[in-house]
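Data first, discussion second: the structure below is written as structure tokens.
The values are calculated or read from the model by the stated rules, or taken from the named source; none is laboratory data. A quick note: this is a predicted structure, and the numbers were derived from the prediction, not measured. When we count neighbours, we look across all protein chains shown, and the Cβ atoms used for this are built from the backbone with ideal geometry, even at glycine.
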């Protein structure tokens, strides 16, 4: 059935009541008119990142809220364990690209929908690609990917005479779930708290100290971690790295972990637990994904239509005990290394030039930076010099001696500009070295 | 190695498919789900979104009741209806598309009105695990509520309306053993240790230890030692905040010091200091549990008493005898050597087993006295019950039709909530007013574009009547009434999808008897992105 002729009057009739009628609580900028639905359907282009539990829901919700132009990015393929919630996939889709199957399903199901699929990583695309979207919605399980897209959208901001050009702001709606818990946030890059401003909101990853798993294991998890970290590389049973999706690998770890557990009198090593620890499995149900994706799309709809105020700016959801929500305003950090304006210099504060380069790297991996694999290039008047880069083996080899050197030995002084690259951001970070104990001779 | 577990267990396809949810409600929760039969009344967007989140995790079967035909306005907001199906039975089409989601699930439909089904076959609803009604009229709510109240079949009524929505649960009694709280209260029995624990705790001599051993004594042992010191000094266990500060200080002073008199950073001591707050109070019986143990159903068993209450009665006997709940038998991780941890864990585990056996013996006696089969409650059931005895829950909701027909018994609660200008009770009243409006005018306020203004007055009149019945003198703000007339009966997909997810999970809680359902009304406001709960 086409959206023309007589049928047009009944299509999206519910949305049209909201968008074509004035209401007492509407946003001041809101002017009801049929043009708003036209804008949502024809001009709005929304990017959905992730075609998993949240992504499937996001695409469906957007389509049924009048959005026609969408892109979806996902680098994953469909697995049997996705089918309990990722409702656009069927048994015979296993092994295919999530993005492609999801896009095809939506395009066939919802008349007029044009979802473009990208079986890719988000890092495969540049600024020009991301600049085309009206709104970006994330349904990811990776914090690094969230930080990357967040930094990308910030990098698209334009400042005219130190004033943010509002037209360059692409809102980011971010959803996340874990079991029966979830959260939604609305980020207006440059205007409200960004992912990087609130890194401490993410729960720290559970890690076990090596000495515990090696010499004083107490929990079944300790035994599994030991097999994963120590025994696997020592015995190298399949002559390759661990593949959590290979049942032979899981079986081997399961057996070895059971042996180790019984040696120490520890009980509770089950196959399910081994899988959980090795693959770092996060429990997931259809209901939480539905709730969080729906809240994300409601916010995207508000942003696109201005029909009412958007979430300001963080909502937590939990339905373990009843149904519970909590909303609050996460605070934007003035000195955020990602979203404070580009024209404002950013500093890295270290005590003095007796510090070793390795300590600077450690510092960048903790604190407010939380970088994953920082590479450092120093800017000198004559030319730039690479101090350390870990993820290019040949450069790592030639620069690793620098790690042991002090800043002084590397000729770094108070005020030296450093260019830092990291997997959490698409563009390098320019940062100025600042010694807090300035009495040191420089 | 455990001989019962196969060396390399082959996982079934089903276990693989449901892996991510089995980690939440376990294989036994899944079995309960697969035996469930859900009834949905009315194919609204909300209705199909609820079923979607029930079909995906694999409920046994569903039945859809709806006599309506698919219209174009339904199609553009509902994922489980399509353009090809306009004019066909809504129930039939939705059933077809929902079943595509999961081949494990059975589904059927009845292309008849609710009224007719009730007239022709009053016991129709008897076989359902849960009945979910969406967009019901006032008279349907009253009828369904009283039938299901008598049948003791759980009922959820819900509505998605513009940027708001609500759901209400009616259940005579619902009991939960596995409530899965985020933080379990683990009792260490340090104040009154059982003999094997006491002799273990006292087998350590902290003063004579080298640093390495000293830093690996389980914090439970440390806490116990300094608790004894405290009791010696003060003649009582620490009760006030100040007492606890003193105890923390005693522990802090017990840390080994280096040659300069500075304390070593002993993690086990840090853990003991942190545990002062929670590890000593967790031996007492939570007030919620005391209340449950004094519940009529617990105290006065009958031949028809359910297993939960028979076990509760046995638990009550145990508590009266021992002064505490059965041990849980689990130990959190702590800084210590494997040997100490495993020994300590074993001591708690053995005692937990003894406690559960004790309760099980009482259960057997009770079953014989009640002329119930002694195998109606297994030892495994009792073990689970004892393990989670500090987190047991019971929920009893009110009967919806009573509120609707009689002068509302909860009117003072509603009225007091309405006095608070920020309360979302207003939304509840408006949604009730809209039901009233619909039964009077057979359409929603503002359903037609040129009715918005006149319907504001009419809806206001409905609300005035409703508020008078409740006995509230509050007035609903004109702006809010206007806003609801603007919605004109709209059902927005993403609002319904949010509520649908919430309600599906509540249904799963009811079926599995795990996690805690809301009691008994939630209101969702999509403008503020918040949900509140009212106990009506």
Query raised in the report: Among the residues of region B:79-133, how many are touching a helix residue (DSSP H, G or I) at 6+ places or on another chain (Cβ under 7 Å), more than 30 Å from residue B:400 (Cα to Cα) and assigned to a helix (DSSP H, G or I)?
Result: 3
Query raised in the report: So residue B:136 fits all but one of (1) within 14 Å of chain A (Cβ to nearest Cβ); (2) buried (at least 19 other Cβ atoms within 10 Å of the Cβ); what number is the exception?
Result: (1)
Report summary line: When (1) within 8 Å of chain B (Cβ to nearest Cβ); (2) within 30 Å of residue B:101 (Cβ to Cβ); (3) out of contact with any strand residue (DSSP E or B) (no Cβ under 7 Å at 6 or more places or on another chain) are applied to residue A:264, the one that fails is (2)
Query raised in the report: Of the residues that make up region A:138-156, is at least one over 18 Å from the mean Cα position of the chain (by Cα) and over 19 Å from residue A:372 (Cβ atoms)?
Result: no
Report task. Within region A:362-378, count every residue that is surrounded by fewer than 21 Cβ atoms within 10 Å (Cβ to Cβ), in contact (Cβ under 8 Å) with a residue 40 or more places away in the chain and assigned to a helix (DSSP H, G or I). Result -> 0
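In this structure, is residue A:287 closer than 30 Å to residue B:517 by Cβ and touching a helix residue (DSSP H, G or I) at 6+ places or on another chain (Cβ under 6 Å)? Talk me through it step by step, then tell me what you get.
Working: closer than 30 Å to residue B:517 by Cβ: yes; touching a helix residue (DSSP H, G or I) at 6+ places or on another chain (Cβ under 6 Å): yes.
Considered against the rule, which asks whether it is closer than 30 Å to residue B:517 by Cβ and touching a helix residue (DSSP H, G or I) at 6+ places or on another chain (Cβ under 6 Å), residue A:287 comes out as yes.
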Requested in this report: Examine region B:476-499 for a residue that is within 11 Å of chain A (Cβ to nearest Cβ), under 27 Å from residue B:175 (Cα atoms) and modelled with pLDDT of 95 or more, and state whether such a residue exists.
Outcome: yes
Requested in this report: Mind counting the residues in region B:51-78 that are within 7 Å of another protein chain (Cβ to nearest Cβ), in a loop (DSSP other than H, G, I, E, B) and touching a residue at least 60 places away in the same chain (Cβ under 8 Å)?
Outcome: 2
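Per-residue answers, yes or no, for (1) farther than 20 Å from residue B:492 by Cβ; (2) modelled with pLDDT of 95 or more:
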residue: A:30; (1), (2): no, no
residue: A:57; (1), (2): no, yes
residue: A:63; (1), (2): no, yes
residue: A:66; (1), (2): no, yes
residue: A:74; (1), (2): yes, yes
residue: A:82; (1), (2): yes, yes
residue: A:85; (1), (2): yes, yes
residue: A:98; (1), (2): yes, yes
residue: A:104; (1), (2): yes, yes
Requested in this report: Go through the residues of region A:325-334 one by one and say whether even a single one is crowded, with 20+ Cβ neighbours inside 10 Å and touching a residue at least 24 places away in the same chain (Cβ under 8 Å).
Outcome: no
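One line per residue, one yes/no per condition, for (1) under 30 Å from residue A:317 (Cα atoms); (2) in a helix (DSSP H, G or I); (3) touching a strand residue (DSSP E or B) at 6+ places or on another chain (Cβ under 7 Å); (4) without any contact (Cβ under 8 Å) to a residue 12 or more places away in the chain:
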position	(1), (2), (3), (4)
B:457	no, yes, no, yes
B:463	no, yes, no, no
B:486	yes, yes, no, no
B:501	yes, yes, no, no
Query raised in the report: So residue B:219 clears everything in (1) touching a helix residue (DSSP H, G or I) at 6+ places or on another chain (Cβ under 7 Å); (2) without any contact (Cβ under 8 Å) to a residue 60 or more places away in the chain except one condition, right? Which one?
Result: (2)
Report task. Give the number of residues within region A:267-286 that are touching a residue at least 40 places away in the same chain (Cβ under 8 Å) and more than 7 Å from chain B (Cβ to nearest Cβ). Result -> 9
Query raised in the report: What residue, of B:88, B:16, is farther than 17 Å from residue B:500 by Cβ and either away from every other protein chain (no Cβ under 11 Å) or buried (at least 23 other Cβ atoms within 10 Å of the Cβ) (or both)?
Result: B:88
Query - region A:379-399, residues that are out of contact with any helix residue (DSSP H, G or I) (no Cβ under 9 Å at 6 or more places or on another chain), surrounded by 10 or more Cβ atoms within 10 Å (Cβ to Cβ) and over 14 Å from residue A:358 (Cβ atoms) - result: A:379, A:380, A:384, A:385, A:391, A:392, A:395, A:398
Requested in this report: Kindly provide the set of residues from region A:60-80 that are surrounded by 22 or more Cβ atoms within 10 Å (Cβ to Cβ) and within 26 Å of residue A:247 (Cβ to Cβ), ordered by number.
Outcome: A:74, A:78
